[in-house]
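All remarks here apply to the structure that follows.
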């Protein structure tokens, strides 16, 4: 039988993942923290330090290996599991690993599960853990050899303190970055931290460069561990996340300096997530199709996940430009579109935004700002969660396909501006479908008999196809274009312009031909 509760369990079998909503959501991630209380780990379902900071947390509390691995490794409904987006990017800002039996937990995940954690960290997600969580991050607790059950994301070694069921003091190093978050009474000391068989960082063997010692044990009655590194951090470069782990158990505190210590550990880890990465630089007028699946292993073209951002850049030449950015995704999902000159385009930082509901968005910008622009695509649709189960639009877990096109200087290049004072009753309507493959229908209406020229141009202004060139009577018309040129040849996928000239009336519209 499976039991569900939001409180700590005393029964032997516990299967639980709880998701607590955040007071604010960090752009680009499903939630802030994935708390691993899986097989052979403590099944905590509430982390005071995170909740008091208003962070969003998904708690995994499970003693069933198959359920744990369905969450952390994946299922047919969610190929990457909860930790990763379809393109392998971290779905949470950080993994926090509880105390417990480190080696047994690592083996319960298997090599595929351990690789999920490594991919999470290598692609920019941070990692924190207490006691067993600290062991799991390292190479081994022995001075030689490799523990294959461990993650090896901090390529250093630990050593067991041999101290169980006790409380320890910790001296804060004078240069510790944790002091940026709390002053801890201005005495560089935290007392009465729970300790139960944890470790220290071995500073004599295999110490990775850039390892930061944040605190040291203060245990005068136990000289062997006194002064050893109790809490440490490591971030090798800007693309990886930050590891921040401790050999003790500050996570159990609900008040005071020990609570502040755990909060500072979480905040320092969260502040160390990897920098945003570009998917690609977009080419003027060229449609980029993002429709690959996880199994295709082409992250530069892979679908987007729930609450995820994909980032693109464009290089705008000098002078006033008419910049048009067009986004269309699979029907039934909500997207947002952002653009920013000079820096990544996020919800609260972008100068230009389109955030209405739906899968189609356009930004039409007149700008004199040249140089690199950044485009942010956000999938705003997410799942509903209850314990470890997701419901709602779970299709988003394997990603949503979309395509994006950026075009600049199009009015000058193609020369399809509408004429002022066009006569009433003349109209060209949006083609359907758009984007299209293999064909699309162009519709227009004439209020009187006139000469009509209906033509298709490419982004360089070159004539591709002449669809109509004759006098036509008043009425409604439909013309089909099958993506061929004047010679019957199939044209390449991309952006095209359809222009109508009917007497004094002139109008153009953009059409996207898919592969």
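Quick note: the coordinates plus some simple rules give every number you see, no bench work behind them. Note that the structure is predicted; figures quoted are calculated from it, not measured. Note that each Cβ is placed from the backbone with ideal geometry, even for glycine, and that neighbours are counted across all protein chains shown.
So if the hydrodynamic radius of segment 134-255 is defined as the Kirkwood radius over C-alpha pairs, what does Stokes-Einstein give as its diffusion coefficient at 20 °C and 1.002 mPa s, in µm² per second? Roughly 145 µm²/s, to the nearest whole number. Using the alpha-carbon centroid of each, what span in Å lies between segment 451-503 and segment 289-346? Between the Cα centre of segment 451-503 and that of segment 289-346, the gap is 29 Å.
If you restrict to DSSP beta bridges whose two residues both lie in segment 15-270, what percentage is antiparallel, to the nearest 5? Restricted to segment 15-270, the bridges split so that about 60 percent are antiparallel.
Taking the inverse of the mean reciprocal distance over all distinct Cα pairs, the Kirkwood hydrodynamic radius of the chain comes to 25.7 Å. Rounded, prolate or oblate: pick one for segment 26-124, where a ≥ b ≥ c are the square roots of the eigenvalues of its C-alpha gyration tensor, a/c under 1.5 means rounded, and failing that, prolate if a/b is larger than b/c, else oblate. It is oblate, given that a/c is not under 1.5 and a/b is not larger than b/c. What do you get for the angle between helix 256-270 and the principal long axis of the chain? Use alpha-carbon atoms, 0 to 90 degrees, nearest ten. Approximately 40 degrees, to the nearest ten. The calculated 222 nm mean residue ellipticity attributable to helices in the chain amounts to -3500 deg cm²/dmol, summing -39500 (n - 2.57) over DSSP H runs of n ≥ 4 and dividing by all residues. Would you mind checking the tilt of helix 102-122 against the longest principal axis of the Cα atoms of the chain, expressed as 0 to 90 degrees and rounded to 10? Computed tilt is about 40 degrees. With all pairs of separate Cα atoms included, segment 414-513 yields a Kirkwood hydrodynamic radius of 13.7 Å.
Packing around the peptides 441-452, 242-253, taken as the average count of other Cβ atoms within 10 Å per residue, puts them in this order, highest first: 242-253, 441-452.
Take every pair of alpha-carbon atoms less than 8 Å apart whose residues are at least six positions apart; their mean separation over the length of segment 150-300 yields a relative contact order of 22 percent. Note on segment 180-243 and segment 36-62: Cα centroid distance 22 Å, given to the nearest whole angstrom.
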